[in-house]
Amino acid sequence: MFIETREICVIKQKRIYVKVWCKDCNREVNMVSPAEAALMVFQDTKTIYSLIDKKHIHYRCLKPETPLVCLRSLFLI
């Protein structure tokens with residue numbers, strides 16, 4: 001007799017979203033840190049900063065040197 005078993009482990013993290021007006025989308029959107037954005041799209045943070053520099057995704061700085069990434073623009077790439 002042969003018994004096959006499988007196991008799946010799902011780890012969920014609580015995401016922290018900030019609702020901010022995105023002037024490029026012209027609407028209120030959820031924004032996250034570049035590190036969170038990188039996790040969501042399976043990239044590294046360096047790639048996210050590159051996309052910001054190339055203006056492929058929207059961002060807004062609420063604190064100096066700390067951008068928040070617009071999720072709407074991130075998922076439209």
### Query
List, please: which pairs have Cβ atoms under 7 Å, are six or more places apart or on different chains, and start with a residue in the range 36-59 that is touching a residue at least 12 places away in the same chain (Cβ under 8 Å) and end with one that is in a helix (DSSP H, G or I) and surrounded by fewer than 13 Cβ atoms within 10 Å (Cβ to Cβ)?
none
### Task
Report yes if some residue within the range 13-23 is among the polar types (S, T, N, Q) and either at pLDDT 90 or above or not in a loop (DSSP other than H, G, I, E, B) (or both); otherwise report no.
no
### Candidate set from the range 35-71 (those that are modelled with pLDDT under 95 and β-branched (Val, Ile, Thr)); member that is least open to solvent (accessible area, probe 1.4 Å)
VAL41
### Query
Given the conditions (1) among the aliphatic types (A, V, I, L, M); (2) open to solvent by 100 Å² or more (accessible area, probe 1.4 Å); (3) within 9 Å of the chain's Cα centre (by Cα), which single one is not true for VAL32?
(2)
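The values are calculated or read from the model by the stated rules, or taken from the named source; none is laboratory data. A quick note: this is a predicted structure, and the numbers were derived from the prediction, not measured. Please note: Cβ atoms are built from the backbone with ideal geometry, for glycine as well, and neighbour counts cover all protein chains shown. Note: accessible area is taken over every heavy atom of the protein model, side chains too, but ligands, DNA and RNA are not part of it. Shrake-Rupley method; radii C 1.70, N 1.55, O 1.52, S 1.80 Å.
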